[in-house]
1. Let me know the shape class of region A:224-356, please: from the alpha-carbon gyration tensor, a ≥ b ≥ c as square roots of the eigenvalues, rounded when a/c is under 1.5, otherwise prolate if a/b is greater than b/c, or oblate.
2. Dipole of region A:109-253, Cα-centred, from +1 at each Lys and Arg C-beta and -1 at each Asp and Glu C-beta, to the nearest 20 debye?
3. For region A:159-199 and region A:454-511, what is the separation of their C-alpha centers, rounded to whole Å?
4. Too long at a 31 Å Cα-Cα cut-off: which of A:Lys97/A:Lys436; A:Lys164/A:Lys491; A:Lys97/A:Lys281?
5. State, in square angstrom and to the nearest 100, the accessible area buried between chains A and B, both chains counted, probe radius 1.4 Å.
6. How large is the accessible surface of A:Glu63 in square angstrom, using a 1.4 angstrom probe and rounding to the nearest 10?
7. May I ask which residue of A:Phe183, A:Gly143, A:Leu72 lies farthest towards the positive end of the charge dipole of the protein assembly as shown, with charges of +1 (Lys, Arg) and -1 (Asp, Glu) on Cβ and the Cα centre as origin?
8. So how strong a dipole does chain A carry about its Cα centre when Lys and Arg Cβ are +1 and Asp and Glu Cβ are -1, to the nearest 20 debye?
Amino acid sequence: MANLNIDSVKERTFDAIVIGSGISGGWAAKELTGKGLKTLVLERGRDVKHNVDYPTTNMYPWEFKHRNEMPLAVREENPIVSRCYAFHEDAAHFFVKDKEHPYIQEKPFDWIRGYQVGGKSLLWARQTQRWSDFDFEGPARDGFAVDWPIRYADIAPWYSYVEKFAGISGNKDGIAELPDGEFLPGFPLNTVEKYFSDHVKKTYNNRHVISARCAHLSKPEPIHFEQGRVQCQNRVLCQRGCPFGGYFSSNASTIPWAMKSGNMTLRPFSVVQSIIYDESKGKATGVRVIDTNTNEVIEYYARIIFVNAAALNTNMILLNSTSNRFPNGLGNDSGVLGKYVAFHLYTATVNADVDGFTEFKTEGRNPAGGGYIPRFRNVQKQETDFLRGYAAGLGAYRSTHTDSSGVGSKLKNALGSPELGGWKVGSHMMGETIPKESNYVKLDKDQKDQWGMPLLRISVDYDDNDRKMTNDYLEQVSEMFETAGFKNIRKEITKGKAPGLDIHEMGGARMGHDPKTSVLNKWNQVHTCSNVFVTDGASMTSTACQNPSLTYMAFTARSVDYAVSEMKKGNL
Amino acid sequence: MDRRVAIKNLALVLGGATLFPKDILAGGKNLIQLNNLSISPAQEKLLAEVAETIIPKTTTPGAKDMGLHLFALLMLNDCYGKQDQQQFTEGLKQFAAIVAKQSAKPFALWPQAQREALLLSIEQKNDLPAELNRFYRITKDKTVQGYTQSKYFMTKKVVYELVPSRYNVNVPVKTKNTAVKHG
């Protein structure tokens, strides 16, 4: 234990503590420091400095020893992370390896983690869509989970606020179920994507194919240059870290911004063991940290605490923060903490060949990845035998063909002159899942990790609703492809894909009106411990089918604004 | 190409793999150390000739100049499973036996046309032993990959752009040949 003299306590006392430096923790850091609060940001992993710590960012394909393929020994040692689409030689150093941080799978769950400053914001797929009241009203209308304590109008200004700073490219599409935002110019749909978009608009009255909205600087504004970021250069090597700051990450944006304020202390290698609760004061006074280099246990103190450790880790910290007042975890009077975990269904694809359009091709690369089909099922009313719905990614590309038969100079020449082939089109499903009590995480009673933290037990599974929805996606999208005249349509349910690999795990410390059935109130504030806020994926009452990161950012900025105004009023 | 340039090119291709320049000059040892399979110096040389037959030196560099057989061995050693490695080594022996049966001359001294004919006969037949087929498939795939993902190919033949700085759609097609690789 560190020396507990008064000076030492003073040195370890801040106005605010943020646990985690990923996409939401970075925002908490930026907002808190921007409002003048001396803020300690704790990160369990190492520091990753923008540009300085992107070792592969400018490497050419031939400079990777195995041309970006992971060696078999690494794949065999790390079967979980190896299933992640981005785990290759160019970005493997940003992923947690299976053995480094074990957990217990009561049911198969691929938990993909990034333990470093910036967390998974370095690795995310950068798709950013607002949620709408069709999402926030979903649980109340359809009778699952609990009612969201907010509506779109509450969060809309905060979407605008974070979009302007992060830089979101997109078009104003005027679709109620996918509200427009503060957009930089959208990336264009290509010839076939545009054809399909027009076809869908003509053929279906409530379906749309739009340019995917993404956190890329298509045309930076002064606020982005001020962050040291410049225009996206269409490299689409984002997972390596971007030297241009072309996409939004904590590393390129919020963390250096917070650092510049002079109000942030960033402490990597700091595993948070628990939040310290003071019974006499009736609130949290700080956090207990284990220094992963020295194994020293250190306490830090602050008036307010933001928990942004990533959804399941946030659950783990809260569950491990026990006291006489909260024997089952901080704020867990209701017993719901750790329960109602949900995720997204990335379980199916539809691919096809496209005749025609051979007079056109594309040049360069599209950071947005192509088109996006917003949810069209059960939007205005329940119309299928499953609840909720799905969005879909949509991308078309012009194939190239090389005759690689034979050997010798004939082969050598053929390899050097690839020819354009036909167009191909593909779609993948992104479905909402229903949070259920039976999908939970909890702490193991006996097994602990190397820092004495209990191992997390994860018990999350698909259900009938998921299977029905997956089949509907396959039917509907293949029908849309068929009516569009696409050929050789291939419907596929992704084999052996466990929950978790979507990397959209959410819930466990959900928001709600009632402390009896939820952990957080409408300000992401723990109902029964008013100076602790949770604004990462753990706070989500339901999952919608949009990518969630933008919503975490907006919730975080809104929650910090509330917390600081409450501090000023003397309420915190 | 002189030896020094050849060694430099090998280093480029192999990146981190272990190389022993002294042994290259001596000629009697392996150029690449493998821990998951056992390949003799003679087998390694034979493989170099097979790779050279697949991607021959023309007016532009060939497999030997680029060390493509060593890339193939590196990939086989690091990225393939036991079964593939065993089939490959077995298939390589079968291949050496066929070569010996066809001619008393070492494979390296066969005319290019004769070497190509033998490889083509393996590529096109499907009644051969599984090991021979697998050996050929892996050698060809990795030789082709090593070639098309080499610095030479990606800067001189089908150019790889690290920073394309654009995404243009509806670009009219003038010729079927794609000058630039996007990927």
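The values are calculated or read from the model by the stated rules, or taken from the named source; none is laboratory data. For clarity, every value in this text was computed on a predicted model and none was experimentally measured. Reconstructed Cβ throughout: ideal geometry from the backbone, glycine too, with neighbour counts over all protein chains shown. Side chains are part of the model used for accessible areas, which takes the heavy atoms of the whole protein and leaves out ligands, DNA and RNA. Shrake-Rupley method; radii C 1.70, N 1.55, O 1.52, S 1.80 Å.
1. Working: a/c = 2.88, a/b = 1.48, b/c = 1.94.
Here region A:224-356 falls in the oblate category.
2. Taking the Cα centre of region A:109-253 as origin, the dipole is about 600 debye.
3. 24
4. On the way: A:Lys97/A:Lys436 29 Å; A:Lys164/A:Lys491 38 Å; A:Lys97/A:Lys281 41 Å.
Distance filter (> 31 Å) returns A:Lys164/A:Lys491; A:Lys97/A:Lys281.
5. Numbers: alone 22930 and 11250 Å², together 29660 Å².
Between A and B, the summed buried area is about 4500 Å².
6. About 90 Å², rounded to the nearest 10.
7. A:Leu72
8. Working: 68 positive and 66 negative charges, 142 e Å.
The dipole of chain A has a size of about 680 debye.
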